[in-house]
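Some notes on the structure that comes next.
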Amino acid sequence: MEKLKYERPFLRKMSAGMMDKSGMPSDLIPVTHIDEVSVKSIITKYGSPVFVLSEKQIRHNYQAAIRAFNTRYPKVQFAWSYKTHYNNAICKIFHQEGSWAEVVSGFEYRKALQNGVPGNHIIFNGPDKHPAEIQLAVENDSLLHIDHFEELYILIEICSSLKKKARVAIRVNMDTGIYPMWDRFGFNFESGQALAAINKIAKSEHLSLTGLHAHIGTYMLSTQAYGVAATKLCELASECKKQYNIAIKYLDLGGGFPSANTLKGAIGFVPTPTVDEFAEVITNTILNFGFKSAELPLLILESGRVLIDDAGYLLGTVLANKKLSDGRKATIMDFGVNIMFTSFWYDHKISPAQEASQYTEETVLYGPLCMNIDIVREWVSLPLLNRGDHVVVHKVGAYNMTQWMQFIAMRPNIVLIDMQGNNHIIRKAENLEYLEQLEVVPEHLK
C-alpha cells in the first residue's frame with residue numbers, strides 16, 4: 001500500500017459568529033445607541049474619532065464585583081488601579097463607590113490626593129518611587145508596598161530623618177503555575193527572599209509591617225493561580241506571627257482579572273472566569289487557612305480592566321476601502337493603534353453604527369497612520385462600509401486612554417454618558433497649541 005503524503009494541517013477562522021434570534025451574527029447587529037444616546041449625535045457633537053464611557057456600566061461593574069467578594073468574606077476593600085484609566089472623572093466615580101486608590105507613580109499619587117482620596121486610603125506600588133514621593137507618602141500615612149531592598153533602605157533613611165513610622169507591605173512574587181513568572185517585581189517566596197525582607201522590616205524601628213501583596217499577572221484565566229497565591233501569602237502571614245509576633249492586617253491579591261475581550265491568537269471558545277469564580281477561590285483559601293477570627297486579614301483587590309473595559313467604546317468613521325495585492329478587502333478608519341493600543345492585544349468586537357447589508361466580507365481594518373503596523377483588526381467579517389459610515393469598537397475602557405500616544409494624529413475627545421443619559425466632555429481633544437506648549441525654540445532658530 002502506498003504511503004500517503006503528509007499534508008500540514010491548518011486552521012481556518014469561520015465567520016458565522018454567535019447568532020441573534022433572527023439568525024444574524026451578533027457582531028453585525030448595528031449599534032446605533034450607547035446608553036440610549038445616539039452614536040451619530042455623539043459624533044456630530046464631539047467629532048470622530050471619540051471615546052465614550054458609560055457611567056452606568058462602570059458603577060454596575062463595581063457594585064457587582066464588590067458584591068461577589070462581600071457575600072463571601074467579611075472584610076473586603078477595592079482600590080482603583082489608576083494606571084488602568086486615570087482620567088479624574090473616572091477615578092472619582094470609583095471613589096464615590098467606595099474604592100481606595102492604587103497608584104504606581106508619583107504623578108498618579110498626586111492625582112489621587114487631588115481627587116480627595118485620604119492619604120491612608122492610597123496604596124503606593126511600583127519599583128520606581130522617587131525619594132521625594134516616598135517622603136510625601138510617609139507624611140500622608142499611605143500604604144507603601146516595597147518592591148526591592150534598595151527601596152527598603154531608602155525608606156528607612158527617610159523615616160529616620162522624619163522621625164515618623166511608615167506603614168508598609170512587601171510585594172511577593174511566587175510560582176503559581178503560570179509562566180513566565182512575574183518575578184521581576186517584589187521579593188521571591190520560594191527562595192526565602194520575602195522572609196529576608198520581612199526580617200529587615202521587623203527589626204526596623206521606623207517601619208510597621210502591615211500587609212502582604214501579590215500581583216501575579218495580567219489577564220489571568222486561571223482562578224487556581226489565585227488560590228496558590230493566597231495560600232502562600234497566608235503562609236507568610238503565619239510566619240510573621242510565629243517569628244516576629246506581627247499580625248498582618250491585610251492581604252492584597254492585586255489585580256489581573258480578565259475582561260470579556262478576545263485575546264489575539266485565541267482558537268475556539270476560551271471561557272473567561274467571572275469575578276464570582278475568582279472570589280470563590282480567593283476567599284475560601286483565606287477563610288480555610290486557620291486564622292483566628294480576630295486576626296482575619298482585610299482582603300484588598302486592585303482590579304482595573306475587569307471593572308472598566310466593557311464600559312468604554314471608540315466611535316470612528318470609515319475613510320476609504322481598498323483591495324490588497326492578495327485580493328483581501330481593506331477598510332481604512334480614522335483611528336489607529338495610536339489611540340487604541342489594545343489592538344495589539346485583542347481582537348476587538350467591531351459593530352457598524354448604521355443599518356448595513358447582511359452580506360459580509362473578510363476585511364483587514366487599518367488605521368490612518370503612516371506605518372504598516374497600524375492594524376486595528378487583522379481579520380474581521382464586516383458588511384460593506386462606505387466612506388463616512390461609522391463603527392463602534394467595544395470594550396476599550398482599560399489602558400487605551402493611559403497608553404495612547406500623540407503620533408501623527410492628536411488625541412480625541414473623551415465623553416462620559418452619566419446615569420441620566422447626559423453627555424460630558426471629560427478630556428478635551430488636543431490641538432496644536434496644546435501640543436506645542438512645552439516646546440522651547442532657541443533664540444538662534446527664531
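The values are calculated or read from the model by the stated rules, or taken from the named source; none is laboratory data. These numbers were taken from a predicted model, which means no experiment stands behind them. Note that each Cβ is placed from the backbone with ideal geometry, even for glycine, and that neighbours are counted across all protein chains shown.
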Failed condition for SER343, given (1) buried (at least 24 other Cβ atoms within 10 Å of the Cβ); (2) of a type in the set (S, T, N, Q); (3) over 29 Å from THR44 (Cα atoms), with all others met? (3)
I'd like to check something: does the range 29-41 contain any residue that is at pLDDT below 65 and part of a strand (DSSP E or B)? no
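Between THR331, THR317, THR285, which is among the polar types (S, T, N, Q), buried (at least 17 other Cβ atoms within 10 Å of the Cβ) and out of contact with any Gly (no Cβ under 8 Å at 6 or more places or on another chain)? Talk me through it step by step, then tell me what you get.
Numbers: THR317 fails: out of contact with any Gly (no Cβ under 8 Å at 6 or more places or on another chain); THR285 fails: out of contact with any Gly (no Cβ under 8 Å at 6 or more places or on another chain).
Result: THR331 is the single residue among THR331, THR317, THR285 that is among the polar types (S, T, N, Q), buried (at least 17 other Cβ atoms within 10 Å of the Cβ) and out of contact with any Gly (no Cβ under 8 Å at 6 or more places or on another chain).
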All conditions in (1) in contact with a Lys or Arg (Cβ under 6 Å, 6 or more places away or on another chain); (2) crowded, with 21+ Cβ neighbours inside 10 Å are true of ILE308 except (1)
Answer with yes or no whether SER381 is surrounded by 22 or more Cβ atoms within 10 Å (Cβ to Cβ) and within 28 Å of the chain's Cα centre (by Cα). no
Number of the condition not met by TYR153 [criteria: (1) more than 26 Å from SER259 (Cα to Cα); (2) in contact with a helix residue (DSSP H, G or I) (Cβ under 7 Å, 6 or more places away or on another chain); (3) aromatic (Phe, Trp, Tyr)]: (2)
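Within the range 406-424, restricting attention to residues that are within 22 Å of the chain's Cα centre (by Cα) and modelled with pLDDT of 95 or more, which residue is surrounded by the fewest Cβ atoms within 10 Å (Cβ to Cβ)?
The initial filter retains those residues of the range 406-424 that are within 22 Å of the chain's Cα centre (by Cα), namely 406, 411-418.
Within this subset, residues satisfying the condition of being modelled with pLDDT of 95 or more are 411-418.
Values: ARG411: 20, PRO412: 23, ASN413: 19, ILE414: 23, VAL415: 21, LEU416: 21, ILE417: 22, ASP418: 15.
Among those that are within 22 Å of the chain's Cα centre (by Cα) and modelled with pLDDT of 95 or more, it is ASP418.
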Which residues, counting only those in the range 169-211, are touching a residue at least 40 places away in the same chain (Cβ under 8 Å) and among the hydroxyl-bearing types (Ser, Thr, Tyr)? THR176, SER204, SER208, THR210
Hits in the range 163-188 - residues which are touching a helix residue (DSSP H, G or I) at 6+ places or on another chain (Cβ under 6 Å), over 15 Å from GLY256 (Cβ atoms) and either of a type in the set (Lys, Arg) or surrounded by fewer than 22 Cβ atoms within 10 Å (Cβ to Cβ) (or both): LYS164
Starting from the range 290-305, take each residue that is at pLDDT 95 or above and list its partners that are acidic (Asp, Glu), counting only C-beta distances under 6 angstrom and pairs at least six apart or across chains. ILE300/ASP252; GLU302/GLU102
In the range 236-259, what residues are free of Cβ contacts under 8 Å to residues at least 40 places away in the same chain and either under 26 Å from VAL104 (Cα atoms) or basic (Lys, Arg) (or both)? LYS242
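Of a type outside the set (S, T, N, Q) and either outside the structural domain of THR44 (by TED's automatic domain parsing) or at pLDDT below 95 (or both): which single residue out of MET333, MET401, MET371 fits that description? Can you show your working first?
On the way: MET333 fails: either outside the structural domain of THR44 (by TED's automatic domain parsing) or at pLDDT below 95 (or both); MET401 fails: either outside the structural domain of THR44 (by TED's automatic domain parsing) or at pLDDT below 95 (or both).
Residue meeting the stated conditions: MET371.
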Total residues in the range 77-107, condition closer than 23 Å to ARG171 by Cα, surrounded by 22 or more Cβ atoms within 10 Å (Cβ to Cβ) and within 15 Å of the chain's Cα centre (by Cα): 10
Would you check if ILE58 is touching an Asp or Glu at 6+ places or on another chain (Cβ under 9 Å), hydrophobic (A, V, I, L, M, F, W, C), free of Cβ contacts under 8 Å to residues at least 60 places away in the same chain and not assigned by TED's automatic domain parsing to the domain that holds ARG411? no
For the range 306-332, name all the residues that are without any contact (Cβ under 8 Å) to a residue 60 or more places away in the chain and in contact with a Leu (Cβ under 8 Å, 6 or more places away or on another chain). ALA330, THR331, ILE332
Can you name every residue in the range 135-166 that is closer than 13 Å to SER105 by Cβ and either touching a Cys at 6+ places or on another chain (Cβ under 9 Å) or in a loop (DSSP other than H, G, I, E, B) (or both)? ASP147
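Out of GLU430, GLU439, I need the residue that is without any contact (Cβ under 8 Å) to a residue 12 or more places away in the chain, surrounded by fewer than 17 Cβ atoms within 10 Å (Cβ to Cβ) and either out of contact with any Leu (no Cβ under 8 Å at 6 or more places or on another chain) or of a type in the set (Phe, Trp, Tyr) (or both). Which one? Let's see the steps before the verdict.
Values: GLU430 fails: without any contact (Cβ under 8 Å) to a residue 12 or more places away in the chain.
Only one candidate qualifies: GLU439.
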